[in-house]
Amino acid sequence: MWLIVGILMFMCLVLIHELGHFINAKRSGVKVLEFGIGIPPKVCRLRTDKSGTEYTLNLLPLWGFVRLKGEDPKDEKDFNAKDSFIKAPIGKKILILVSGVGMNLIFAWVIFTAIFTMGTKPISVLPENALTSHQNSYLMPTINFLKDQWFISWTLVSSPAKIERVSPSLLWEKIGLLSWDTITSINNESVDLWNIGTVLKKNINKDIAVAFTRNHKNIIAKTQCPADNCILWLTFDEGALNLKPIKFPFFKAMRIGAKEIKAQTVLTFSALGTLGKDLLSFNKIRITTSLNKLTWPAGAIKFWESLFSVGGRKLYLGFAGMISLALAIFNVLPIPALDWWRLLGVVIQRIGRLKPEKYFNVEWYINLVFFVLLMALWVYILLKDLVHFRNIKIPFLG
């Protein structure tokens, strides 16, 4: 059931993005030829409205698109029509292109405001020094940040590093850690919730021996502790922390929701920077490891399932807000075929007074190539996630 709910939630977040483009195109007088659910080939046409817009259901799920009139420069009739995207004033073009990102940001802010008003617990509580960019996040905070905000008492002396949930992570799954295991030492140095981040930081990029207990049995597992994945995605038992609900009055929750967007954005760009360094390192091991850690729909849906089992609707919604924000950030990356690149093209064409027929014809081919590459990467990640998270056997992948 939660697999279906997760797919529907992911589709809703994508369609909210496309709905932004759709609404503002209609309001700007630009004809929308098609609003597609999923990626072609087309399965069926659901309906056609009075303006001629087709609403279609397509074969590949977990995405969507809005096709505007005049986007294809090879179709000279549509390209030069008064209600085409190319003929729209530059202000309306910009509005149409940024509205998808805007819708995702607004949706994330509304969700964060709602859960902080109702009161929630964090998605993940991290030890100090684990990842500094988490320090201003309420959904993925460090322990000291929660103490500074008085959600945890300063009088607590020591709490065992008892794991509440092992989220999808190649490092910790390889070790074999399970929910409710308790980590007791790392490289023979005793650890608890307060010092585990510090101990791991000393062992970054080294081989580590992790000692933990399970059902009163002592177990030791060995692995390497990479800099970007040492502690991330381990959620510790919050009962030992005596953690208070993260709750604010409505208007303050609105401000905290905006701050959470900023904190999650810093985290995301930090992760993207690490990914970029790995891919440009020309080191086969680093590149393979980074690609293996990439996850998207199937991994996100699997994480949603685990969140609902321990945190209910509020954490489920909180993670939906994080995914909505991730979609917004993804579309502002300067990659052809994405919103920000198209916005840049519109501005360059206008400032340079370049002929639309020539400029957008070249851009169309560039966008097409990168769209195919992005879809190939999307399919690869989806298949890899199905192997990793759903134990589905796929040739050459598992």
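The values are calculated or read from the model by the stated rules, or taken from the named source; none is laboratory data. All of these numbers come straight from a predicted model, not from anything done at the bench. Heads up, the Cβs are rebuilt from the backbone with ideal geometry, glycines too, and the neighbour counts pull from every protein chain shown.
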Neighbours by Cβ (under 7 Å, 6+ apart or cross-chain): first from region 363-381, at negative phi; second surrounded by 14 or more Cβ atoms within 10 Å (Cβ to Cβ) and small (Gly, Ala, Ser): GLU363/GLY345; ASN367/ALA337; PHE370/ALA337; PHE371/ALA337; LEU374/ALA337
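Give region 302-315 a look and list any residue that's modelled with pLDDT of 80 or more and crowded, with 22+ Cβ neighbours inside 10 Å, or say none. Break it down into steps so the answer makes sense when it comes.
So in region 302-315, the residues modelled with pLDDT of 80 or more come out as 314-315.
Across region 302-315, the qualifying residue is only LEU315.
Considering only region 70-122, state which residues are polar (S, T, N, Q), closer than 20 Å to GLN349 by Cβ and part of a helix (DSSP H, G or I).
First, the residues of region 70-122 that are polar (S, T, N, Q): 80, 84, 99, 104, 113, 117, 120.
Retained after the next criterion (residues that are closer than 20 Å to GLN349 by Cβ): 80, 84, 99.
Hit for region 70-122 is SER99, nothing else.
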Subset of region 137-159, residues at pLDDT below 80 and part of a loop (DSSP other than H, G, I, E, B), comes to ILE152, SER153, TRP154, THR155, LEU156, VAL157, SER158, SER159
Look through region 333-385, keep the residues that are loosely packed, with under 14 Cβ neighbours inside 10 Å, charged (D, E, K, R) and assigned to a helix (DSSP H, G or I), and return whichever of them is modelled with the highest pLDDT. LYS358
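If you check GLY257, GLY299, which single one turns out to be small (Gly, Ala, Ser) and modelled with pLDDT of 80 or more?
Details: GLY299 fails: modelled with pLDDT of 80 or more.
GLY257 is the lone residue from the list that is small (Gly, Ala, Ser) and modelled with pLDDT of 80 or more.
Suppose we keep only residues that are surrounded by 19 or more Cβ atoms within 10 Å (Cβ to Cβ) and closer than 30 Å to TYR380 by Cα within region 38-61. Which one would you say is modelled with the highest pLDDT? So that I can check it myself, show each step before the final result.
We begin by selecting, within region 38-61, every residue surrounded by 19 or more Cβ atoms within 10 Å (Cβ to Cβ); these are 38, 53, 56.
Those left that are additionally closer than 30 Å to TYR380 by Cα: 38, 56.
On the way: GLY38: 86, THR56: 94.
Taking the candidates together, the pick is THR56.
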Residue list for region 271-287, filter: surrounded by 15 or more Cβ atoms within 10 Å (Cβ to Cβ) and either under 17 Å from SER137 (Cβ atoms) or in contact with a Pro (Cβ under 8 Å, 6 or more places away or on another chain) (or both): ALA271
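Can you tell me how many residues within region 1-27 are under 20 Å from LYS87 (Cα atoms), surrounded by fewer than 18 Cβ atoms within 10 Å (Cβ to Cβ) and either under 25 Å from the mean Cα position of the chain (by Cα) or small (Gly, Ala, Ser) (or both)? It would help to see each step written out before you state the result.
Filtering region 1-27 for residues under 20 Å from LYS87 (Cα atoms) gives 20-27.
Adding the requirement that they be surrounded by fewer than 18 Cβ atoms within 10 Å (Cβ to Cβ) leaves 23, 26-27.
Those still in the list that are either under 25 Å from the mean Cα position of the chain (by Cα) or small (Gly, Ala, Ser) (or both) too: 23.
Total meeting the criteria: 1.
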